[in-house]
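Asker: I'd like to ask you about the structure that follows.
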Amino acid sequence: SGEEKSARWLGRIGIVALLFGVAFFLKYAFDNDWISETARVIMGILAGLGMVGIGHFLRERYGSYADLWLGGGIGVLYLSIYASFAFYALVPQGAAFFLMALVTALSLVLAVSGGTINIAALGVFGGFLTPILLSTGVDNFVGLSLYMIILNLGVLGVAWFKKWTKLNYLAFIGTVMLFSGWMSSFYKPEKLGITFFFLTVFFLIFLATSIIHHFSRKEVSVAWDQILLLLNAAGYFGVCYGILKPDYDAFLGFFAL
C-alpha cells in the first residue's frame, strides 16, 4: 500500500540521516584527536555489531527497515576492520582477512535465516572486495585461492537452502575477476600445475552451485541456471586450453572430451 511504501522510504531516509550524523560527529572527533586510533576501530566494530543486533531484533515486525540496519551494520564492520589494517596498522593482514571472512559468513547466515538476498549479496561483495583492499602486491596464489574456495563454498551452502541465482552470478564474477587479476600479474608457466588444480576446483564448485537446488529443492531449471553452466564450462575450458597448449598440445583433444 501507499502508506507502507512511505514508511519504508521514511525508514531508509532515517537510517541514512543517522549514519551521516554519526559519521560527521566521528570525523570531527577524529580531526580534533578526541579519540585514539584503537578506540575508533573498537567504536566502529561495536557500532556495526549494534546495528546488526538492532536489525535482527526488528526483523519479525519490520522486514525491509530491519534489513537497512543489517546492511549498514555489515558495511560498518567491513570498513572498521579494513581501517584497522590499512589506515592504522593495528592488526596484521592475516587477522584482517580472517575477521572479514567472519563478517561475510555472518552476512550469509543472516540472509538465509531471514530469506533476504540483499544481505547475502552485500556480504559476498565485501568478501570478494577484501583481497583487493588488503592487497600488499605480493604473490600469494595459494592463500588467495583457498580464500575464494571458502567464500564460494559459503555461496554453495546458501544455494542448498535458497535459489538465489543472482548471488551465484555475483560469486562467479568475483572469482573470475580475482583470478584474472592474479593471472595477468603473476602467472608463469612453472605454476601450471597448481593453477590447473585450482581452476578445476572452482569449476566443480560452480557446477555444483548451478544445479544443487534442483536436487535439494526439486526446482525446475531456468535459462539463467543454464547460462551459468555454460559460462562456467566455457571459461574453464578456455583458460585451461590457453595454459595447457604450450606443453600439452596432444592432451587437449582428451581434455575437450
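The values are calculated or read from the model by the stated rules, or taken from the named source; none is laboratory data. In this text the structure is predicted, and so the values were computed from the model without any measurement. In this analysis, Cβ positions are derived from the backbone assuming ideal geometry, glycine residues included, and neighbour counts consider all displayed protein chains. Please note that ligands, DNA and RNA were not included when accessible areas were found on the heavy atoms of the full protein model with its side chains. Shrake-Rupley method; radii C 1.70, N 1.55, O 1.52, S 1.80 Å.
Asker: Open to solvent by less than 10 Å² (accessible area, probe 1.4 Å), over 11 Å from the mean Cα position of the chain (by Cα), within 26 Å of F215 (Cβ to Cβ) and touching a residue at least 40 places away in the same chain (Cβ under 8 Å): does that describe A111?
Answerer: yes
Asker: Checking the condition closer than 24 Å to F125 by Cα and part of a helix (DSSP H, G or I), which residue from I243, I227 passes?
Answerer: I227
Asker: Right, next: Name the residues in region 230-252 that are open to solvent by less than 50 Å² (accessible area, probe 1.4 Å) and among the β-branched types (V, I, T), would you?
Answerer: I243, the sole residue that qualifies.
Asker: Does any residue in region 41-61 that is closer than 17 Å to F85 by Cα come within less than 7 Å, Cβ to Cβ, of a residue that is among the aromatic types (F, W, Y) and open to solvent by less than 90 Å² (accessible area, probe 1.4 Å) six or more places away or on a different chain, and which pairs are these?
Answerer: From residues that are closer than 17 Å to F85 by Cα, the pairs are V41/Y88.
Asker: Within region 1-112, which helices (runs of 4 or more DSSP H) (wholly inside it) include 3 or more residues that are at pLDDT below 75 and under 30 Å from G143 (Cβ atoms)?
Answerer: Once the helices (runs of 4 or more DSSP H) in region 1-112 are filtered for at least 3 residues that are at pLDDT below 75 and under 30 Å from G143 (Cβ atoms), what remains is 63-86.
Asker: I'd like the residue in region 161-190 that is modelled with pLDDT of 90 or more and outside any helix (DSSP H, G or I) and, out of all such residues, is farthest from the chain's Cα centre (by Cα).
Answerer: Looking at the filtered set, the residue picked out is K188.
Asker: Another question, then. Quick check on region 118-153: of everything there that is among the polar types (S, T, N, Q) and either at pLDDT 80 or above or over 10 Å from the mean Cα position of the chain (by Cα) (or both), which residue is surrounded by the most Cβ atoms within 10 Å (Cβ to Cβ)?
Answerer: Filtering first and then ranking leaves N152.
Asker: Quick check on this structure: which one of K218, K191, K162, K166 is free of Cβ contacts under 8 Å to residues at least 24 places away in the same chain and of a type in the set (K, R)?
Answerer: Exactly one residue qualifies, and that residue is K218.
Asker: Let me ask something else about it. It is to be established whether one or more residues within region 191-208 are more than 17 Å from N152 (Cβ to Cβ) and within 21 Å of the chain's Cα centre (by Cα).
Answerer: no
Asker: Kindly provide the set of residues from region 68-104 that are farther than 15 Å from T38 by Cα, out of contact with any helix residue (DSSP H, G or I) (no Cβ under 6 Å at 6 or more places or on another chain) and among the aliphatic types (A, V, I, L, M), ordered by number.
Answerer: Answer for region 68-104, where residues must be farther than 15 Å from T38 by Cα, out of contact with any helix residue (DSSP H, G or I) (no Cβ under 6 Å at 6 or more places or on another chain) and among the aliphatic types (A, V, I, L, M): A95, A101, L102.
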